[in-house]
Each structure stands twice: as structure tokens, then as C-alpha cells.
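See structure below.
Values quoted throughout were computed directly from the atomic coordinates according to the rules given, and no laboratory measurement underlies them. Just so it is clear, the model here is predicted, and its values are computed rather than measured. Ideal geometry is used to build each Cβ from the backbone, glycine not excepted, and the neighbour counts take in all protein chains shown.
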Amino acid sequence: MRRVVSSAPGKIILLGEHAVVYGQPALAVPVQSVRATAEMCEADAGTGLEIHAADLNERFFLKHAPPNAPLGIVTRFVIDKLTLAEPDARLTIRSTIPVAGGMGSGAAVSAAAAQALAAWLGTPLPPADLSALVYEGEKIHHGTPSGIDNTVICFAMPVYFVKGKPPEIFAPKRPFDLLIADTGVRSPTKASVIAVRELWQSDPARYEDIFDHIGQLACDAKKTLEAGDWDRLGVLMNRNQELLRLLGVSSPELEKLIEAALHAGANGAKLSGGGRGGNMIALVARDQVERVRGALIGVGATRVLHSIVE
Ligand code: MEV
């Protein structure tokens, strides 16, 4: 039986979330150890495309897809873009990326599904085209996404990203270690982005100043990564966290994890993604990984991933 499989990684924003929505630069890296996987296989003639989101226990035929179902939207985009007929096939999607945790689960699920379908139809999409297509779906679901999630996930490389510009791929001087700790609090990005937008509308000058500062940190962090100066990178991450607090997107659960990581010896720590829950990241020297991981679990992290960024 014919079968096509495609997968996409999760992602973590190193610096620059939220400000990136307002045109500032941000840095993001893929997290290869958590992934969305999509599998296409043959179905009976005349059935059309059946979509099965296995983890969500959702199953529907594309012709009957609920109008706002992200997987219905993205698969239609693929069929329209390739101007091909809907295939008789089954698309099954699974993901190990935490949902509403700031790790790009929605974009990764869409990317894996779109690529599996495109490959099934004989035309695998290059990263820029896949990213543009996933971005269209993200706009329907998230309102005003910057495009950083679909970009880092579809290119599957570290990116320096400015909204509306082609991404710059960057390479850290040496691999470095991140711990990614989950507060266990689910926090949809959309709500967090809307809350920041309301603050910005209430006092544009004040919040644009904060966005500018965050953008400068992201710009500085790129040079710091390329120079391999992890102490300074930690300082920049901590400053970014101070500014994220001013945007109202930190939370008691995030602060508890950040404090524990820093206390246990992390070089820097901050929330990552939309915030108000979800995940935080800690920059950690290799020989401190187990110590910091223990501290994070000790104060209630529900899951700690170790990711080596290279
Ligand atoms: C979400 O991963 C990052 C945000 O900056 C939103 C966006 O860039 O679209 C919070």
C-alpha cells in the first residue's frame, strides 16, 4: 500500500516574542525532539480526503470539514495551490508538541499535514512555499501572527526573523544547551497577542519603546550567538524577560520556574512564545543541565526537555 510520511519540529523563541509582531527582529530555533508527523495512505475510490487528527480524536472528510478546522483549511490550500483534484486518501496526524505551550504545535501540525499531502500529490513544497501556505492558515486562526512560527518550523533551522522579510538563517558559534520547562498552564498564543495589542493601543509610545528595546536585544543576541558568548546571551535573555513582564505576559508559574533555573546556575532564563503560561527556557552550561533540570522539576515543571541548539 502506498504511504507518504512527513514531519515538522516544534520551535522555541530565544528572544523577541511579541515585539516581532510589531516589526522588531526575533530569534527562534527548531526543537527536533518534539514533532508533528503526518501520514498519507490510500483510501477507497470516491471517498476523497479523510483527515484524522489522532491525538485530538478528530476525524472528518475534507468535503464535510468544519469551516474553521485548521487542517481542513491548510489541506484545501495545498490542493488549490497545486491545482490538482482532491485525492482518495487518508491523512493521519500525530504530534508530541505540547498544545498552547508556545512551541508552535499548530504551525507544526499544519506544516506536516501540508507537506505530506503535497508529496502525495507528487509536488513536495520547498520551505519558503510551505511556510507561506502555513502562514495563511495561521492568519485565520491567530489574527495577527508575525510569521516567525511557520518560518522556523518550515525551514527547520535557527532563524533571525523580521516580519515581511526573508528569514536569515544563523549558526551559533558552538552548540549550546537549553532546558525547556513547561508550567503545565495552557495558554493560547492568540489571547496573549490580543492582550498585548490592547496594552499597545492604550499607550502606543510606551509600548513601542519596549518593543524597540526587545528588538535591540534580539539583534545583539544574534551577534552574541555567533561569537559564542553564553554569559552575555544569558544577560540578554534576562533583560528580555524584564521587558516581557512589562508587557504583562509573564505569570506566577513562569516566574517560579525562571527563578529556580537562575538560582540553580542557569546563565539566563525567560518565558518563550506567547507567555501567560506555556514554556520557559533556560540557557545552561552542559555540566549544569541535571542540576537545573532537578530544580525545575522541584518547583513544579510538568515536563523538562533538553535541547542542544546547533
Ligand atoms: C508566538 O510563538 C510568538 C508571538 O510573538 C506571536 C507571533 O510572533 O506571531 C507571541
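See the values below:
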{"read-out": "Intensity falloff of the chain expressed as log10 I(q)/I(0), Debye formula with alpha-carbon point scatterers, at q = 0.14 Å⁻¹", "value": "-1.00"}
{"read-out": "Cα shape, segment 136-185, gyration tensor, a/c 1.5 rule", "value": "oblate"}
{"read-out": "Listed residues 170, 23, 40: farthest to the positive end of the dipole of the chain (Cβ charges)", "value": "40"}
{"read-out": "Sequence-distant lysines (8 or more away, or on other chains) whose Cα lies within less than 23 Å of residue 63", "value": "81, 139"}
{"read-out": "Percent RCO, i.e. relative contact order, over segment 156-253, from Cα pairs under 8 Å lying at least 6 residues apart", "value": "29 percent"}
{"read-out": "Cα gyration tensor shape for segment 1-60, rounded if a/c is under 1.5, else prolate or oblate", "value": "prolate"}
{"read-out": "Which of 280, 157 has the fewest Cβ neighbours within 10 Å, and the rest in rising order", "value": "157, 280"}
{"read-out": "Rh by Kirkwood over Cα pairs, then Stokes-Einstein D for segment 1-136 at 0.692 mPa s and 37 °C, µm²/s", "value": "214 µm²/s"}
{"read-out": "Global geometry of segment 202-310, whether rounded, prolate or oblate, following the gyration tensor of its Cα atoms and the 1.5 cut on a/c", "value": "oblate"}
{"read-out": "Whole-Å distance, taken between Cα centres, linking segment 1-16 and segment 51-85", "value": "18 Å"}
{"read-out": "Segment 19-162, relative contact order [Cα under 8 Å, separation at least 6], %", "value": "35 percent"}
{"read-out": "Pairs of Cα atoms farther than 21 Å apart, segment 79-190, %", "value": "44 percent"}
{"read-out": "Residue of 126, 188, 25 that the Gaussian network model of the chain assigns the largest fluctuation, springs spanning Cα pairs under 10 Å", "value": "126"}
{"read-out": "Out-of-range pairs (alpha-carbon distance over 20 Å; input 165/190; 11/190; 222/256)", "value": "165/190; 222/256"}
{"read-out": "Protection proxy ranking of 208-218, 29-39 - average other beta-carbon atoms within 10 Å, highest first", "value": "29-39, 208-218"}
{"read-out": "Dipole moment magnitude, nearest 20 debye, segment 184-310 about Cα centre, only Lys, Arg, Asp, Glu C-beta charged", "value": "420 debye"}
{"read-out": "Mean ellipticity per residue at 222 nm, deg cm²/dmol - from DSSP H runs of n ≥ 4 across the chain, formula -39500 (n - 2.57)", "value": "-13500 deg cm²/dmol"}
{"read-out": "Percentage, to the nearest whole number, of Cα pairs in segment 153-212 over 16 Å apart", "value": "70 percent"}
{"read-out": "The chain - percent relative contact order, Cα under 8 Å, separation 6 or more", "value": "22 percent"}
